[in-house]
Each structure stands twice: as C-alpha cells, then as structure tokens.
Amino acid sequence: MSHATTPKPLTSKACGPLKGRVRPPGDKSVSHRAFLLGLLCVGETRISGLLEGEDVLNTGRACAQLGAKIERVGEGQWTVRGVGLGAVLAPAETLDFGNAGTGSRLMMGVVGGHGITARFDGDASLRKRPMRRILDPLVLMGAEVLEQAEGGRCPILLKGTRDPAPIEYRTPVPSAQIKSAVLLAGLNARGRTTVIETEASRDHTEKMLTYFGATLTCEPFGDHGRKITLEGRPELSPRPIAVPVDPSSAAFLIAAALLVEGSDVVVEGVMTNPLRNGFVATLLEMGANIDVLEIREEGGEQVADLRVRHSALTGVDVPADRAPAMIDEYIILAVLAAFAKGATRMNGLQELRVKESDRLAATAAGLRANGVSATIEGDDLIVEGAGACGGGGLVETHLDHRLAMSFLVMGLASQNPVTVDDETMIATSFPTFKPLLAELGADFFS
C-alpha cells in the first residue's frame, strides 16, 4: 500500500495580529477510542465533536470491517452500532490504517483479545513505526504474530485468541498505546488484567472504559506511576460521547497567538486533563500570557477556554518526567523556544524518535534550516532562542503532520517566509488547520 500522493509545498509568512475566538477540532485520542468502544458495545453509541481527520476515519473504517455499523449523521456527529465484546468479526480484507499509529496499535489490542485473524498495514510512515512493544504483551496473553516486516513493523498478520490470559504487565516506556492495547485485549479475558506504568501516561482509555461500564481501578505506583487493574468480561453499554477539543491541535493556535505581535485569541473548549497539560504548564513557566477561563466538564473530561496574548518568552529547562503529558507538543514547543530569550532544554525525548518520523532529528533539522541553533545531546534537545527568528528555510516534513503545522506557525512570526515541503498529511489530524488560522488573520500561500 503506497498511499502515494503528490507533495504540496506550503509557505507561511509574517502577518498582522491574530484576533478572535476559535474552536479546534475534537481530541484525536478520544475520537479513536470512541469508535473502538462503540464497536465493543451492543447497541448504538452516539458521538458528537468527533475529529474527522484521516487517522480517525481510518479507525472507523477498520471498526466497520470488524462488524460495526457506522454512520455520519452530521458535522462531527456519528453513530456506531456495535457487535459487542467477544463477537467482533474477522475482516475480509487488510485493515489499512494509513498514518494512524494510535488506531492501529489500539486495534491490535482488540484483535489480540478475540479469536480472529487480521492483517494490519498503512502508509510509508506507519510502516516505519515499531510495533513489537504492542505485540509482545499480546503474545503473552495468547495472541500469535503470524507475519511481520523486519523489526516487528507493518504489514503484520495477527491471530488473536478467543480466551486471552489475564496478565500483569509493566510497560517498558510510558505509553498510553501499549497500556490501552493490553487493556482492550484484557476486556475479553476471564480474570483481572493489570498494567503497571512507572510514569503515568494519558488516561483516556481508563476513563472511557469506566464510562462504558467496565470495572477498573487505578492506584498510585511509585513516585509518578500508576497501577491499573481491569476486571475482564464486563457488560459494556453504549453511551453518548461528547469529544472535547484536542489540546495537541489547540497547541498550534496557542503558539501562533503567543508569537505574533499584538495577538489576542480565545481558544475554546480545550481539554485540561492533568495528563495532557504539560505544554501549557511549560508555556506559563516561559512567561506566556494565558488566562484559563470557564472551567467545566465535557464528555467526562475537564475543559476550559484559554485566552492567549502575544508574549515575550524566556527559555526554560523542561524535565524529562513531563514528556508523557506533552509528547505530541515538543515540535511546536521547539518553535516557540526559537523565539524565546535564552536556551530551552527539553529532556528525555527518546519517544520522539519512534513517532510518525524521527521527530527529534527532524525538529532540529527544521530549526537549523531557519537559522536557529539547535543541538541534540543524547535524548535531549537544546534550542538557543534569540528572541526572534529569521526564517527563510525549507523544512522537510517526512510525512509528519505535526512537523508541517509547527513550522508553518513559525513562518507567521519570522522575518522571512517559511516553507514546508508537503502539507497533504495535515489532514490526518487537523483538517481545519489552515482555515481556522486564516480566520484569525494568518497568511499562507502555495
């Protein structure tokens, strides 16, 4: 599956103040899980605010291949009529996830815990991403990996087990995807499945499993970790899901408002889950002018409106233990650090090497292409901020949507335009990125 498309370069340039109120799309992580939990319930799950990006839609298509009836009933409004736990169907064709790392890995958990066989594949970027960390615990539960590409990569042929063994599993790295795959497989186990993480990762799976009727407990483990225990074979019941705004998508709008002189923007309905708030916490340490307004609850998650105004930022040291709470925001943070005064050191970024691209190397290369001093020491990224950015560079995106969006934001405040070599993959996670920024006053041209 080549998923070949013609690259579309895009350039951003300095613009006037960004003004207005804007609501980014729904959270990507919650949207994936909404489709998957809908599949595992008997009856109709109604979803509002779903992120209609290609990654999430690919997960929806895969759920349909396993027996769910999925229908779009309005903008962001979807229904999923599930087949129920233990009753998913073997797909007749390959599950093609495109660029969706989260969707593919979580679906491996579903397949691994059921007596079906499925082939997983995706685009060139997904085929580079390591899957052994997901497959290893599933094999312990009784699943079999019948085929795999070198290094445990897609395409993968996975044979699940009808009666998965309940296990206690300690995740090798902080990863909501590993944890979620084990828990989703454990749903169909007779007994308790336990996941131990020494650094707590995002907890959307735990929240949603509980919301749908599973019996699940979370308790502290060590200084920063958690122990999650799930009772197998629960009676899952369909529930309406209101998907909150994705903080990782909101990060680009927040960054643009901070960088462009004179800007004053309200970003509405942003999820403020403590396990996803590392980016805003870091910005406040850097001196960002951000007001948190109207804290409330949507879809079982705490959300708030964020008023963001242009700010003079100062470099900071970002601790490694904050990485799980902002793992998708480091590229845009590195862009902000280029405009800050002084050095910003981001520690413990080994997980960035196995994302859609090697984000650590690609981020440093993109910064250097725009005249910013950036060095990598081990798994740490150090950006020497000069209070301004010259821009003028061409950034290689490596099929990575977050690289593309981050450096397009850089161009909005740089002295010279910034060009990314391809904008097409932005649709995987934030299809309204350009129109929302244009609505605020940003300037893009092909």
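You will find that of E261, E268, the residue that is of a type in the set (D, E), surrounded by fewer than 16 Cβ atoms within 10 Å (Cβ to Cβ) and in contact (Cβ under 8 Å) with a residue 60 or more places away in the chain is E261 and no other.
Out of the residues in the range 307-328 meeting the condition of being in a loop (DSSP other than H, G, I, E, B) and of a type outside the set (A, V, I, L, M), tell me which one is surrounded by the fewest Cβ atoms within 10 Å (Cβ to Cβ). In this case the residue turns out to be P319.
Residues that are more than 19 Å from the chain's Cα centre (by Cα), in the same structural domain as L183 (by TED's automatic domain parsing), closer than 20 Å to A165 by Cβ and in contact (Cβ under 8 Å) with a residue 12 or more places away in the chain occur at least once in the range 121-133. Scanning the range 334-355 for residues that are farther than 24 Å from V245 by Cα, in contact (Cβ under 8 Å) with a residue 40 or more places away in the chain, in contact with a His (Cβ under 9 Å, 6 or more places away or on another chain) and not assigned by TED's automatic domain parsing to the domain that holds E206 turns up nothing. Residue count for the range 196-235 satisfying the condition of being under 19 Å from P274 (Cβ atoms) and part of a strand (DSSP E or B): 13.
The set of residues in the range 407-436 being surrounded by 24 or more Cβ atoms within 10 Å (Cβ to Cβ) and farther than 16 Å from K8 by Cβ consists of V409, M410, L412, A413, S414, S429. Restricting attention to the range 368-383 and to residues that are of a type outside the set (A, V, I, L, M) and within 18 Å of E396 (Cβ to Cβ), the residue that is farthest from the chain's Cα centre (by Cα) turns out to be G371.
Kindly check whether there is at least one residue in the range 276-289 that is touching a residue at least 40 places away in the same chain (Cβ under 8 Å), touching a Ser or Thr at 6+ places or on another chain (Cβ under 7 Å) and surrounded by fewer than 22 Cβ atoms within 10 Å (Cβ to Cβ). No, every residue in the range 276-289 fails to be touching a residue at least 40 places away in the same chain (Cβ under 8 Å), touching a Ser or Thr at 6+ places or on another chain (Cβ under 7 Å) and surrounded by fewer than 22 Cβ atoms within 10 Å (Cβ to Cβ). Of all residues in the range 122-156, those being aliphatic (A, V, I, L, M), closer than 17 Å to A100 by Cα and out of contact with any Cys (no Cβ under 7 Å at 6 or more places or on another chain) number 4.
Name the one entry in M271, M286 that is under 30 Å from P435 (Cβ atoms) and more than 22 Å from the chain's Cα centre (by Cα). Walk me through it before giving the result.
Values: M271 fails: more than 22 Å from the chain's Cα centre (by Cα).
None of the others qualify; the one that does is M286.
If the condition is being without any contact (Cβ under 8 Å) to a residue 60 or more places away in the chain, surrounded by fewer than 24 Cβ atoms within 10 Å (Cβ to Cβ) and in a loop (DSSP other than H, G, I, E, B), then the range 78-114 contributes A87, L89, A90, P91, A92, E93.
Checked against (1) more than 24 Å from P17 (Cβ to Cβ); (2) at pLDDT 95 or above; (3) not acidic (D, E), S429 meets all criteria but (2). Restricted to the range 210-231, and to residues there that are loosely packed, with under 15 Cβ neighbours inside 10 Å and β-branched (V, I, T), the residue that is farthest from N188 (Cα to Cα) is T217.
Among residues belonging to the range 193-209 that are among the charged types (D, E, K, R) and over 15 Å from T171 (Cα atoms), point out the one that is surrounded by the fewest Cβ atoms within 10 Å (Cβ to Cβ).
Of the residues in the range 193-209, the ones among the charged types (D, E, K, R) are 197, 199, 202-203, 206-207.
If we keep only those that are over 15 Å from T171 (Cα atoms) as well, we get 206-207.
Values: E206: 21, K207: 18.
Ranking the candidates gives K207 first.
Somewhere in the range 223-230, is a residue in contact with a Lys or Arg (Cβ under 7 Å, 6 or more places away or on another chain) and among the hydroxyl-bearing types (S, T, Y)? Scanning the range 223-230, I find at least one residue that is in contact with a Lys or Arg (Cβ under 7 Å, 6 or more places away or on another chain) and among the hydroxyl-bearing types (S, T, Y), so the answer is yes. Hey, does the range 385-392 have a residue that's more than 22 Å from the chain's Cα centre (by Cα), in contact (Cβ under 8 Å) with a residue 24 or more places away in the chain and assigned to a helix (DSSP H, G or I)? Checking the range 385-392: not a single residue is more than 22 Å from the chain's Cα centre (by Cα), in contact (Cβ under 8 Å) with a residue 24 or more places away in the chain and assigned to a helix (DSSP H, G or I).
Is it fair to say R81 is within 27 Å of L230 (Cβ to Cβ) and charged (D, E, K, R)?
Working: within 27 Å of L230 (Cβ to Cβ): yes; charged (D, E, K, R): yes.
So R81 passes the test.
Residues in the range 101-125 that are aliphatic (A, V, I, L, M) and at pLDDT below 95: A124 alone. When the range 393-429 is limited to residues that are farther than 19 Å from T6 by Cα and in a strand (DSSP E or B), the one that is farthest from the chain's Cα centre (by Cα) turns out to be N416. Residues of the range 150-163 include at least one that is in a loop (DSSP other than H, G, I, E, B) and closer than 21 Å to R33 by Cα.
Taking the listed residues G53, G151, G86, the one that is at pLDDT 95 or above and small (G, A, S) is G86, with no other qualifying.
In summary, strands (runs of 3 or more DSSP E) completely within the range 1-76 and bearing 2 or more residues that are farther than 29 Å from E268 by Cα occur at 42-48.
The values are calculated or read from the model by the stated rules, or taken from the named source; none is laboratory data. What you are looking at is a predicted structure, and each value in this text was computed from that prediction instead of being measured. Reconstructed Cβ throughout: ideal geometry from the backbone, glycine too, with neighbour counts over all protein chains shown.
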